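Structure first, commentary second.
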Amino acid sequence: MPGLARLNAIRDALAAEFPWAHDALRVIMSGLVARQRHGVRRLGMQPILLAGNPGSGKTRFAQRLSDLLGTPNALINLAGMSDVKVLKGVTRGWASNRPSRLIEFIGQVKVANPLFVLDEIDKAQTYDHGNGGRPHDALLDLLEPGNARRYNDIYLLTECDLSHCLYIATANSLLTLPEPLLSRLQPVLFPMPGPEHTEVIARGIVTDLEREWNVPNGALTVSARDIERLRGLGPREMRRALLGLFGDEVHSAIYTLH
């Protein structure tokens, strides 16, 4: 668990990058600060559900929080998921047999409390197609600490302790989520950014691109004229527009490796 000074720095960094997400920031950081003040030494947090329109930055917010906290993160896309193979593993005897994605990731990063982003949790199938099980039923166990301590992996044929994992789920709507699942999550409104946040969003996208492309900080530049052309776009549309700008031969973005 980071110290109070570090938690305050994380709060300030996220507030600067996501000024429209003050409710999510307040709920998450207050929980972390409460644990730290009461002597909790291991990083942990209650499962959070970020609810908002597509393109509002929910997934990126969760991943940036993980980066700043210093714990690995993995994205599990639940959109269209109709069975529990990703969440509970694939039984032996099948060609695709393997442990659950959660167990695999913990084994890869050697960290018992990574953050899992449960993306588009509202779009998982809510009915059983046969004997595959329903994703929401598996999530009930994962999000309940008592059950997570004895979580059964179908491939490993044994119980695993997943009670230390951190979870942030995202959804566009709460209407399709069953009450038992909602009771295990802390819903928080994640609104769309406004036109006044254009500069902040563009700066975050540029930083992400520099990291992805492995070029120096400040290598990619966006002019004031470009910012005005981007104003009013959502984060996804803005990223596509910036990629188009940087691919334009007449664009002024130039980078040099030293």
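The values are calculated or read from the model by the stated rules, or taken from the named source; none is laboratory data. Owing to the predicted nature of the structure, the values given are computational and were not obtained by experimental measurement. Here Cβ is always computed from backbone atoms with ideal geometry, including for glycine, and neighbour counts include all displayed protein chains. The accessibility values were calculated without ligands, DNA or RNA, using every heavy atom of the protein model including side chains. Shrake-Rupley method; radii C 1.70, N 1.55, O 1.52, S 1.80 Å.
In segment 46-76, the qualifying residues are those that are under 10 Å from the mean Cα position of the chain (by Cα) and open to solvent by 20 Å² or more (accessible area, probe 1.4 Å), and the one that is farthest from GLY194 (Cα to Cα) is ASN73.
Just one of (1) closer than 20 Å to TYR151 by Cα; (2) surrounded by fewer than 21 Cβ atoms within 10 Å (Cβ to Cβ); (3) β-branched (Val, Ile, Thr) fails for ILE106. It is (2). The residue that is modelled with the lowest pLDDT, counting only those in segment 89-121 that are over 20 Å from the mean Cα position of the chain (by Cα) and closer than 13 Å to LEU156 by Cα, is GLY93. Evaluated against (1) within 18 Å of the chain's Cα centre (by Cα); (2) over 30 Å from PRO191 (Cβ atoms); (3) open to solvent by 40 Å² or more (accessible area, probe 1.4 Å), ASN152 falls short on exactly one condition, (1).
Applying a threshold of 7 Å to beta carbon distances and a minimum spacing of six or more residues, or different chains, the list of pairs starting in segment 209-226 at a residue that is farther than 17 Å from GLY244 by Cβ and ending at one that is at pLDDT 90 or above and not in a loop (DSSP other than H, G, I, E, B) reads ASN217/GLU210; ALA219/GLU210.
Being over 30 Å from GLU159 (Cα atoms) and either hydroxyl-bearing (Ser, Thr, Tyr) or open to solvent by 10 Å² or more (accessible area, probe 1.4 Å) (or both) is the requirement here; does ALA15 meet it? Yes; evaluated as a whole, the condition is true for this residue.
Segment 51-111 holds helices (runs of 4 or more DSSP H) entirely within its bounds, and those carrying 1 or more residues that are among the aliphatic types (A, V, I, L, M) and either without any contact (Cβ under 8 Å) to a residue 12 or more places away in the chain or more than 19 Å from GLY204 (Cα to Cα) (or both) map to 85-88, 101-109. The single residue among LEU233, LEU245, LEU181 that is crowded, with 16+ Cβ neighbours inside 10 Å, in a helix (DSSP H, G or I), at pLDDT below 90 and not basic (Lys, Arg) turns out to be LEU245.
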